[in-house]
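The values are calculated or read from the model by the stated rules, or taken from the named source; none is laboratory data. Source: prediction; values computed, not measured. No Cβ is skipped: glycine too gets one built from the backbone with ideal geometry, and neighbour counts run over all protein chains shown. Heads up: the accessible areas ignore ligands, DNA and RNA and are worked out on the full protein's heavy atoms, side chains in. Shrake-Rupley method; radii C 1.70, N 1.55, O 1.52, S 1.80 Å.
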Amino acid sequence: MTSTVEAPDFPMTRAAGCPFDPPPAARALQGETPLARVRLWDGSTPWLVTRYAEQRALLADPRVSADVSRPGYPSPAPLPKGGTGISFILMDNPEHARLRKMVTAPFTIRRVEAMRPAVQKIVDDQVDALLAGPKPVDLVEAFALPVPSLVICELLGVPYTDHDFFQENSKVIIRRDAKPEERAAGHQALVGYLDRLMGEKLERPADDLLSGLATRVGAGELTRLEAAQMGVLLLIAGHETTANMIALGTLALLEHPEQLALLRESDDPALVASAVEELLRYLNITHNGRRRLALADIEVAGQVIRAGEGLIMANDIANRDPEVFPDGDRLDLNRDARRHIAFGFGVHQCLGQPLARLELQVVYSTLYRRIPTLALATGVERIPFKHDGSVYGVYELPITW
């Protein structure tokens, strides 16, 4: 029988001076038990699932719900009154599957791989701009954020000239300490923006994802609101997560120069692909855990999780589970890290993971080779980390060469 430990507050705090490692308290719980009670902002005490095997099993279990509207769902923050419209990633099948399949085609491996030359050009152009500009420079503002924003704008059919607008609203939505009404206002601003674009695509369709959604709206398969909300999800997810991986991955490599040298000095695509998987495992930028709700009594690791109880899958510590990734606190670009769950697992695993992998492969194989003397322009202790967001990363990364 799994013991129930006294519920600590969640999310837990990362240790000072260890910006890449999960919170020590969470790692301690992992060593003690696969399931532990934690206390959320509202006083509720869902289960924290600490280990890899149990997380995979629960994420694939049809008795586990992703529906944020269900009573008992362990929401990471207060929900706005009246809601803001629920994304399909927070729905269960069959509605989740119905909506997801409408945006699956552009993210197949074959379709994404065909984008590699276009992504390479975007990355090369941004490196050219870096080299032609002043130094030191903030890598986030000058490179890490523009690259995925340009890619997702091209894929969706969103004007990049509007990037300030959607980036600022995205930041509010994913900020953990934002007030519910602030997040609702940011979401509504983006829904309104995507709805206007949808109207334009209905009149003048192009070869982009929003036009594809507009076609489904015209055919009665989607409402305009559903299409706009899907556009918001893809726009936010398409630039925020990858931007943080670019910047945080660069910092991690600069702090591990022997690993950076392996990547910079090799032209082997297999090593680049391996490096991407290891950095995704090691960094875990989605550090609030994946939230779920038990729909029935489920026995896991000798413990019965009761119907109606919340679950938090702490993927940051699962990807350091010593049973699966020995010496998991060490960054090793030669490690076979493909089993990581940075993109989730089961029917709700990240739709855009092929695109994220492609972008990171192009960035990590280009940036450090073209700027071989890339270096931090400040001490790590002065870099502002995103402890207050649902996506972990750095607000700024001053670099020079």
Collect the residues in region 168-183 that are open to solvent by 20 Å² or more (accessible area, probe 1.4 Å) and hydrophobic (A, V, I, L, M, F, W, C), keeping them in residue-number order.
-> VAL172, ILE173, ILE174
Can you tell me how many residues in region 304-329 are under 22 Å from PRO23 (Cβ atoms), open to solvent by less than 30 Å² (accessible area, probe 1.4 Å) and of a type outside the set (Gly, Ala, Ser)?
-> 11
Could you give me the residue pairs with C-beta distances under 9 Å whose first residue belongs to region 367-387 and is free of Cβ contacts under 8 Å to residues at least 40 places away in the same chain, whose second residue is surrounded by fewer than 13 Cβ atoms within 10 Å (Cβ to Cβ) and assigned to a helix (DSSP H, G or I) wherever it lies, and which are 6+ apart or on separate chains?
-> none
Out of (1) touching a Pro at 6+ places or on another chain (Cβ under 8 Å); (2) in a loop (DSSP other than H, G, I, E, B), what's the single condition that is false for LEU29?
-> (2)
Residue list for region 330-357, restricted to those being assigned to a helix (DSSP H, G or I) and crowded, with 21+ Cβ neighbours inside 10 Å | HIS348, LEU355, ALA356
Please identify the pairs in which a residue from region 116-129 that is closer than 12 Å to LEU367 by Cβ and open to solvent by less than 50 Å² (accessible area, probe 1.4 Å) has its Cβ atom under 8 Å from the Cβ atom of a residue that is in a helix (DSSP H, G or I) and small (Gly, Ala, Ser), counting only partners at least 6 apart or on another chain.
-> GLN126/ALA142
Could you look through region 149-167, keep only residues that are open to solvent by 40 Å² or more (accessible area, probe 1.4 Å) and in contact (Cβ under 8 Å) with a residue 12 or more places away in the chain, and pick out the one that is nearest to THR242 (Cα to Cα)?
-> LEU150
From the list LEU210, LEU233, pick out the single residue that is surrounded by fewer than 22 Cβ atoms within 10 Å (Cβ to Cβ) and either over 22 Å from MET115 (Cα atoms) or of a type outside the set (Ser, Thr, Tyr) (or both).
-> LEU233
Options SER3, SER87, SER69: the member that is at pLDDT below 90 and over 21 Å from the mean Cα position of the chain (by Cα) | SER3
Breaking point among (1) open to solvent by less than 40 Å² (accessible area, probe 1.4 Å); (2) assigned to a loop (DSSP other than H, G, I, E, B), for ASP267 = (1)
